[in-house]
Amino acid sequence: MVSRVEGLCADGDMVIVLWYGQGVAKDGKPYRNTYTWYLEIQDDEVTRAVVFFDPVAFNELWARVSAER
């Protein structure tokens with residue numbers, strides 16, 4: 001998968017990342033999604049993460065490509 005960070009914001013212990021990912025799945029079809037990660041950082045480690053993405057695109061990928069392939 002190729003990733004492109006579109007936005008990055010940090011305030012105290014919170015880091016927010018907006019990024020796009022795209023690649024070709026094992027079935028040869030493209031997969032594209034947009035992600036936003038909210039990361040809480042303490043002592044240089046992620047202690048909490050909340051992730052948003054397009055669930056329709058993700059579910060379509062998992063419906064056509066199993067993790068076992």
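Once the 1.4 Å probe is applied to the protein heavy atoms, the chain comes out at 77 Å² accessible per residue. Atom-type composition of the exposed protein surface of the chain places 55 percent of the accessible area on carbon and sulfur (1.4 angstrom probe). With angles folded into 0 to 90 degrees, how steeply does helix 55-64 sit against the dominant principal axis of the chain? Use alpha carbons for both and round to 10. So the helix axis and the longest Cα principal axis differ by about 40 degrees. Among residues other than M14 with Cβ under 10 Å from its Cβ, the summed charge is -2 (Lys and Arg +1, Asp and Glu -1). Dipole of the chain computed with +1 at Lys/Arg Cβ and -1 at Asp/Glu Cβ about the Cα centre; of F53, P30, V2, farthest Cα towards the positive end is P30.
Relative to the current alpha-carbon distance between Q42 and V56, full extension at 0.36 nm per residue lengthens the span by 1.8 nm. The computed percent of Cα pairs over 20 Å apart for the structure shown corresponds, within [x] 34; [y] 28; [z] 41, to [z].
The values are calculated or read from the model by the stated rules, or taken from the named source; none is laboratory data. Note that the coordinates shown come from a computational prediction; the quantities given were computed from them, not determined experimentally. Every residue, glycine among them, receives a Cβ derived from its backbone with ideal geometry; neighbour counts consider all protein chains shown. These area figures cover heavy atoms from the full protein model, side chains too; ligands, DNA and RNA do not enter into them. Shrake-Rupley method; radii C 1.70, N 1.55, O 1.52, S 1.80 Å.
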